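The values are calculated or read from the model by the stated rules, or taken from the named source; none is laboratory data. Please read all numbers here as calculations on a predicted model, not as lab measurements. Cβ coordinates were reconstructed from backbone atoms using ideal geometry, including for glycine residues, and neighbour counts include every protein chain displayed.
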């Protein structure tokens, strides 16, 4: 968050002026203490020049735009920019691909007040994670157990499973680690990594999926260790469209 006035300095990038107007109204009307919209853009190339030259906290970004798509814009943003990207799209099939592009969050159009509030809550949780259970580098996760603290290579994680107020973390070498944190904590911490919540209780590493079973009713993924995870019916179509397109299965 910006250190000057405790508001997130934001821009909106969308080729439809009406969409910008609606979203800007929601932010100004209900979140003026948290968000300051400092600029809006209908043309992604104009937004790119601004992003690479100005200090911005958040970018609310549409995907389907002429000249330069949202994903193309993300790839073109300078490494010097520290802005978090929040996709705002009516196409939920882009959600998985968005997270693979290291976006912070995905909001489905039409965006509601609740959607924006939940996004802000995630931002506050991430910035307020000051205990010693957090990422200390791009690939290391620090996990507190009741008896000790463990350093985990994120690439070694197969999946996570909710266990009441705790989380069981399964590694590819067969190790099972019980964390004192709830699974929704890891959803925030690992937002920029290729993990996906298949089911209310299961969070999986997309790079560790060995097989996808596409039944007419329920779907199932088979992980590299042979474990089978049911795909939530509510997420099945979105997940299959995204993962099959991305992995070209």
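Would you pick out the residues in the stretch 200-212 that are surrounded by fewer than 18 Cβ atoms within 10 Å (Cβ to Cβ) and touching a strand residue (DSSP E or B) at 6+ places or on another chain (Cβ under 8 Å)?
200, 201, 210, 211, 212
Results for (1) under 26 Å from residue 83 (Cα atoms); (2) surrounded by 16 or more Cβ atoms within 10 Å (Cβ to Cβ); (3) modelled with pLDDT under 80; (4) not assigned by TED's automatic domain parsing to the domain that holds residue 92, shown as yes or no for each residue.
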| residue | (1), (2), (3), (4) |
| --- | --- |
| 153 | yes, no, no, yes |
| 159 | no, yes, no, yes |
| 181 | no, yes, no, yes |
| 189 | yes, yes, no, yes |
| 221 | no, yes, no, yes |
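Listed here are the residues, each with its yes/no results for (1) in contact with a strand residue (DSSP E or B) (Cβ under 9 Å, 6 or more places away or on another chain); (2) free of Cβ contacts under 8 Å to residues at least 24 places away in the same chain.
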position: 11; (1), (2): yes, no
position: 24; (1), (2): yes, yes
position: 33; (1), (2): no, no
position: 37; (1), (2): yes, no
position: 57; (1), (2): yes, no
position: 63; (1), (2): yes, no
position: 69; (1), (2): no, no
position: 72; (1), (2): no, no
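What do you reckon, is residue 99 surrounded by 15 or more Cβ atoms within 10 Å (Cβ to Cβ), within 25 Å of residue 170 (Cα to Cα), modelled with pLDDT of 80 or more and under 15 Å from the mean Cα position of the chain (by Cα)?
No; evaluated as a whole, the condition is false for this residue.
Could you pull out the residue among 51, 37, 74 that is outside the structural domain of residue 206 (by TED's automatic domain parsing) and touching a helix residue (DSSP H, G or I) at 6+ places or on another chain (Cβ under 7 Å)?
Working: 51 fails: touching a helix residue (DSSP H, G or I) at 6+ places or on another chain (Cβ under 7 Å); 74 fails: touching a helix residue (DSSP H, G or I) at 6+ places or on another chain (Cβ under 7 Å).
None of the other options fit; the residue is 37.
Taking the stretch 74-107 only, how many residues are without any contact (Cβ under 8 Å) to a residue 40 or more places away in the chain and within 16 Å of residue 235 (Cβ to Cβ)?
3
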